[in-house]
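Computed from the coordinates by the stated procedures, all read-outs in this text should not be read as laboratory data. Predicted, not measured: the structure shown is a model, and the values here were computed from it. In this analysis, Cβ positions are derived from the backbone assuming ideal geometry, glycine residues included, and neighbour counts consider all displayed protein chains.
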Amino acid sequence: MNHHRVVASALALLLAAGLCAQPVAPSDVQASDNPDDERGTVLDVSWTPPRELPDVPGMVPIGQQVLYRKVGGEIQAGPLVPLDASSASLPGLKPWPWPAWEVAVAIVWEPAEPLRAALDASRWTLPARGAVRSQFTAPVRPVGRWYDPTLTNILISALLICAIVLGTLYAVRGRAEEIYIRPIAGLEAVNDAIGRATEMGRPMLYVSGLGGVSNIATIAAMLILGHLARRAAAYETEIIVPCNDPLVMATEREIVRQAYTEAGKPDAYRPENIFFLTDSQFGYVAAVDGIMLREKPGANLYMGYFAAEALILAETGNETGAIQIAGTDADTQLPFFITACDYTLMGEELYAASAYLSRHPLLVAQLRGQDMAKTIIVAILILGVIAATAALFGGTVAEYAQRFVGWFAA
Amino acid sequence: MPLVITFLAGLFMAVQFFVPHEIGVTVYRGMLDWAMIVASFALVLGISSLLRTHWEKIRRRRRDWPYSIVAIVSFFLMCIVGIGYGHQPGTVFYWIFDYIQVPLDATMFSLLAFFIASAAVRTFRARSVEATLLLVAAIFVMLGRVPSALLVMLGDTGVGQWLYDFMPDASEWVMNVPTVAGKRGIIFGVSLGVIATALRIILGIERSHLGGGGGGGAVGP
């Protein structure tokens, strides 16, 4: 062990002497804010690496290391880059309120084999590496962005659609009763479904899908449940709501309780009929299938977001002979529901259901706003097709056409 | 108060999408953390509901009540082995998950193949123009995906070989042109519906999800 200690001491002395005798460090170190960094946590560092490194006996240079520190703070190690590199990014800096950093670059040396093995065997706490660093730069502060300009097209489109929807809503709200809403068979059938379940003396099953409470399709499903529960309460028909999310369960209980109260039947409300099963997708399917086969509901309603379980649910419900109404915005599951259910609300019809069922003037007026927005989207699509075609022919017109298409595609 | 909270939270989420600034990101993450905290409280409600539902079933000896015993025992078993012995790979919890839960899930998922077959048989009866179009499109897609079936059916004849070359292209066209056009139409409608629903919730026009009368609260005809 003593032998190793002697070797290690000699090495350390050699390293210090060699590096001090011929100090060669990167020069002209510059640091600046990374323009692509949105959060303000990255600096771009550039420097001039040394042309030649001195020969230090027993030592090899292993790379250049970016070093940084807060003004007057401790030095921290940044990324280690190859010896010929002249720039690097310094990521992971402390974000807002974005302190200023001083940056330097060092050449890092390491003992070469077999001396390195001797050093390792010595188990000394002597530094196994040496470094010669440049001067620190003046303090540089990375800055985050308050606005992402790459999203400008989305922002303008969203504002335009919101303005159209809200503008139309307030323009026509006084005469909302005159607005024609095309009959939606699936929603017209809701009353039939409740009536059928009532006549058969069977409950209704309402499945609000796999989405959590933050899923907009689940929210739409909960809105429909409110209307449905009012009617079910009026007919005194039992409604079973198995949930796969505890928050959805809690919200749906409150919605149904309120619906029964508004229908003047608060005593008929049974909170145990709205219950949590599991958040496992196929465990949930198995449990709901079991409920269908045991309870034999007179009507099954599937509203909200569904995935691979859609057809398993709908086919099992079909086998029990229940009238089935489905509504989802998951385009991949729509064919399965159309195949296995009596009525299907496709995409936007799910979101229109609340207005359709309630006929509330503001909600109906908003449907008109959606239609106006849709008209404008169709017009833009037609313009886009023309522009994309024109872009193929070259010339000034093609350039503008390409810009028009590119603005939407960016 | 709930409407004010909904409005402020909704507005913040909309604005935050366009702001990459650290403040926005930090508040956004904080709100997600709060959502998780609220969800964890709701989980207590969910577990209580689960246990109460199955206990009532056992107590009243409802149909298939023994399965409720399995559900309750499984729940407590997973709690005990998960809390007591951890849930890292190699633990009992993991073993039960890998060798019981995953195969059970896979079993349910595999039922889908049979349900697709039964649904397809029912749907592909050409009883109307729409059903006939669906049937024709399905034939193109299925044979395009497995064109060797044509060679088996028709042999290596001129027609068989021509269809073998033609069907994959026809299948791709069906999938890429009419199917995508239809899907995009649906997606446009869905997107507008999502924006409209979000707007009426953020602005308090729709309140029935809060359990109040509000916009959607009125009982329809």
- At 7 Å along the Cα-to-beta-carbon direction for both B:Glu56 and B:Met153, put a label point, then send me their distance in nm to one decimal. 5.4
- Task: Using only Cα atoms, figure out Rg for the range B:124-206 and give it as a multiple of 2.2 N^0.38 Å.
- Result: 1.71
- Work from the charge dipole of the range A:20-72 (Cβ charges, +1 for Lys and Arg, -1 for Asp and Glu, about the Cα centre) and give the residue of A:Val45, A:Pro61, A:Pro35 farthest towards its positive end. A:Pro61
- Message: With angles folded into 0 to 90 degrees, how steeply does helix A:185-200 sit against the dominant principal axis of chain A? Use alpha carbons for both and round to 10.
- Response: 60
- Item | Degrees, to the nearest 10: B:2-16 long Cα axis against longest axis of chain B | 50
- Item | All lysines inside 17 Å of A:Lys94 as judged from Cα atoms, apart from same-chain residues fewer than 8 positions distant | A:Lys70
- Between 0 and 90°, nearest 10: helix A:361-390 axis offset from chain A longest Cα axis: 60
- Query: Which ordering of B:Tyr94, A:Tyr180 is given by a fewest-first count of other beta-carbon atoms within 10 Å?
  - Reply: A:Tyr180, B:Tyr94
- Other chains' Cβ within 10 Å of A:240-251 residues: what's the mean? 4
- All alpha-carbon distances of the range A:207-291, grouped into 5 Å bins from 0, give the whole-percent distribution 3, 16, 27, 23, 18, 10, 3, 0
- Message: I'm checking a number: the convex hull volume of the Cα atoms of the range A:259-410, normalised per residue, in Å³. What is it?
- Response: 172
- Item | Whichever lysines have a C-alpha closer than 20 Å to that of A:Lys296, once near sequence neighbours (fewer than 8 apart) are set aside | B:Lys57
- How big is the range A:179-359 by Rg and Dmax over its Cα atoms, in Å? 14.6, 44
- Query: What number comes out for the charge environment of A:Gln324, summing +1 per Lys or Arg and -1 per Asp or Glu over other residues with Cβ under 14 Å away?
  - Reply: -1
- Note on the structure: chain A: Kirkwood hydrodynamic radius (Cα pairs, Å) comes out at 27.9
- lysines near A:Lys374 by alpha-carbon distance under 17 Å, same-chain residues fewer than 8 away left out - which ones? B:Lys183
- Give the order of A:Asp245, A:Asp371 when sorted by the count of other beta carbons within 10 angstrom, beginning with the fewest. A:Asp371, A:Asp245
- Task: Determine the distance separating the Cα centre of the range B:10-56 from the Cα centre of the range A:338-374; give it in Å without decimals.
- Result: 28
- Message: Taking the beta-carbon count within 10 Å as an exposure proxy, list A:Asp37, B:Asp33 from fewest neighbours to most.
- Response: B:Asp33, A:Asp37
- Whole-number Å³ per residue for the convex hull built on Cα positions in the range A:304-390: 107
- Query: What is the range B:38-118's relative contact order, in percent, from Cα pairs under 8 angstrom and six or more apart in sequence?
  - Reply: 13
